[in-house]
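Engineer: Below is a structure I'd like to ask you about.
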Amino acid sequence: MPSTPRKLELAGLDTLAVHAGRAPDPATGAIAPPLIVSTTFERGVDGGEPHGFGYARADNPNRRALEHCLAALEGGADAACFGSGVAAAYAVFQSLAPGDHVVCSDGAYHGVQRELTGPLARWQLAHSFVDTSDLAAVERAFTPRTRLLWLESPTNPLLKVTDIAAAAALARARGALTLCDNTFATPVLQNPLALGCDLVLHSTTKYVGGHSDAMGGAIVAAASDGIFALIREQQQVAGAIPSPRDCWLLLRGTATLPLRIRAQSATALELARWLEQQPAVHAVHHPGLASHPGHAIAKRQMRGFGAMLSFQVRGGEAAALATVAGCRLFTRATSLGSVESYVEHRATSEGPHTTTPRDLIRLSIGLETPADLIADLERSLR
Ligand SMILES: *Cc1c(COP(=O)(O)O)cnc(C)c1O
């Protein structure tokens, strides 16, 4: 069973990305991890699990390897993988109790907000949405029943930045846990556990996989007891698990994650600076720009600014839709974090209840030649 060798405990992030959760297969010597599709595992004569696996929903080799790797990359004690990012979020909320209260960033992923306003509200889990970049507002939102502060930084699609260490300290002082959705930043650029959070969420569908061909979600925890034990129970008992094949692809993705993120982030910053100079554009949102309100905090708590950006065009929704339609190299698609770049009219994707500006265009920057991406935007903005 692949497990992180002891010599890796103090390794750097790039080394962990390639080696954590991997070891040559003891049965065959295979260097590439075997994809183990078996749903059940042979029992010992005493009914035990001699190889540590009994039934694939509870645990399986490819999922365990991915969990090892993600825990190592975030500096966590343990990780639990799910079939999607929203399934991971749901497992966290279901580890609370009816009557508990969640303070949630009003910039949190819209699917997470829908969980809170829909099924979890019917289940009597209370919530307040608040702009978490405003710490005084966060403080006011706490009630005696608040158990969890839910952060996302940078947010989608305005790339708002929250002071994670200050927000987590505020929650801790009130006896609440803090989770940070780290999907946009990835462990390459930001480590919320080191900033005082208890839990980190990833939609591994995005940068961890990196190729838009596998779905998944993960919770990484600072401690393996407490709420994480309940999250593990949710994974094994409620069973919203990823397939071994998706885990295999996601673990493969982690090896190139640091390189991809650095290259994609550098291109995103170049594009953001170029967009700021365009007369057809009236606002650019990227935490790497000195003009961004969260720039100073992002500089302090991140090692780079990420590969997501958005901008607003003159001429309202019609101009935004025309710009999106005019792109040829950028693919019109929702989602993010892949090797190819995406362009999206975000308000349309989010549906009728969105508060996203109608003239806003979101970009997920991939690995193409930066000049080709700029040429594509230049043509479509004309
Ligand atoms: C996509 C996304 C999610 C949800 O993940 P799925 O894998 O689509 O369920 C959660 N948070 C953020 C920031 C995302 O971008």
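Engineer: Collect the residues in segment 243-284 that are farther than 20 Å from residue 342 by Cβ and surrounded by 20 or more Cβ atoms within 10 Å (Cβ to Cβ), keeping them in residue-number order.
Structural biologist: Of everything in segment 243-284, those that are farther than 20 Å from residue 342 by Cβ and surrounded by 20 or more Cβ atoms within 10 Å (Cβ to Cβ) turn out to be 244, 246, 247, 248, 251, 254, 258.
Engineer: Scan segment 345-365 residue by residue and report those that are closer than 23 Å to residue 378 by Cβ and within 12 Å of the ligand (Cβ to nearest atom).
Structural biologist: Within segment 345-365, 346, 362, 364 qualify.
Engineer: If you don't mind, another one. Give me the residue from segment 232-242 that is of a type outside the set (A, V, I, L, M) and surrounded by fewer than 17 Cβ atoms within 10 Å (Cβ to Cβ) and, out of that set, farthest from residue 220 (Cα to Cα).
Structural biologist: Applying the filter and picking the extreme gives 239.
Engineer: Among 379, 358, 328, which is the only one that is part of a loop (DSSP other than H, G, I, E, B), farther than 26 Å from residue 129 by Cα and among the basic types (Lys, Arg)?
Structural biologist: Step by step, each of 379, 358, 328 is checked, and only 328 is part of a loop (DSSP other than H, G, I, E, B), farther than 26 Å from residue 129 by Cα and among the basic types (Lys, Arg).
Engineer: Looking at 39, 28 in this structure, which one is surrounded by fewer than 23 Cβ atoms within 10 Å (Cβ to Cβ), over 21 Å from residue 181 (Cα atoms), in contact with a Lys or Arg (Cβ under 9 Å, 6 or more places away or on another chain) and of a type in the set (Ser, Thr, Tyr)?
Structural biologist: 39
Engineer: Taking residue 217 as the residue in question, decide whether it is at positive phi and of a type outside the set (Ser, Thr, Tyr).
Structural biologist: Against the criterion (at positive phi and of a type outside the set (Ser, Thr, Tyr)), residue 217 does not qualify.
Engineer: OK, next. Considering only segment 318-354, state which residues are closer than 17 Å to residue 159 by Cβ, hydroxyl-bearing (Ser, Thr, Tyr) and modelled with pLDDT of 95 or more.
Structural biologist: Across segment 318-354, the qualifying residues are 341, 342.
Engineer: A further question on this structure: Considering only segment 70-105, how many residues are assigned to a loop (DSSP other than H, G, I, E, B) and either away from the ligand (no atom under 14 Å from the Cβ) or over 19 Å from residue 183 (Cβ atoms) (or both)?
Structural biologist: Summing the residues that are assigned to a loop (DSSP other than H, G, I, E, B) and either away from the ligand (no atom under 14 Å from the Cβ) or over 19 Å from residue 183 (Cβ atoms) (or both) in segment 70-105 gives 9.
Engineer: If I filter segment 163-177 for residues that are within 13 Å of the ligand (Cβ to nearest atom) and either outside any loop (DSSP other than H, G, I, E, B) or touching a residue at least 40 places away in the same chain (Cβ under 8 Å) (or both), do I get at least one hit?
Structural biologist: no
Engineer: Only one residue in 186, 146 is touching a His at 6+ places or on another chain (Cβ under 7 Å) and hydroxyl-bearing (Ser, Thr, Tyr). Which one?
Structural biologist: That would be 146, the only listed residue that is touching a His at 6+ places or on another chain (Cβ under 7 Å) and hydroxyl-bearing (Ser, Thr, Tyr).
Engineer: Within segment 193-206, track down each residue that is within 13 Å of the ligand (Cβ to nearest atom), more than 8 Å from the chain's Cα centre (by Cα) and farther than 14 Å from residue 253 by Cα.
Structural biologist: Matches in segment 193-206: 200 only.
Engineer: Separate question: Right, residue 112: part of a helix (DSSP H, G or I) and either modelled with pLDDT of 95 or more or more than 16 Å from the ligand (Cβ to nearest atom) (or both) or not?
Structural biologist: Against the criterion (part of a helix (DSSP H, G or I) and either modelled with pLDDT of 95 or more or more than 16 Å from the ligand (Cβ to nearest atom) (or both)), residue 112 qualifies.
Engineer: Then there's this: Of the residues 358, 362, 314, which is in contact with a helix residue (DSSP H, G or I) (Cβ under 8 Å, 6 or more places away or on another chain), surrounded by fewer than 20 Cβ atoms within 10 Å (Cβ to Cβ) and at pLDDT 95 or above?
Structural biologist: 358
The values are calculated or read from the model by the stated rules, or taken from the named source; none is laboratory data. Please read these numbers as outputs of a predicted model, since none were measured by experiment. As a convention, Cβ positions derive from the backbone with ideal geometry for all residues, glycine included, and neighbour counts pool all protein chains shown.
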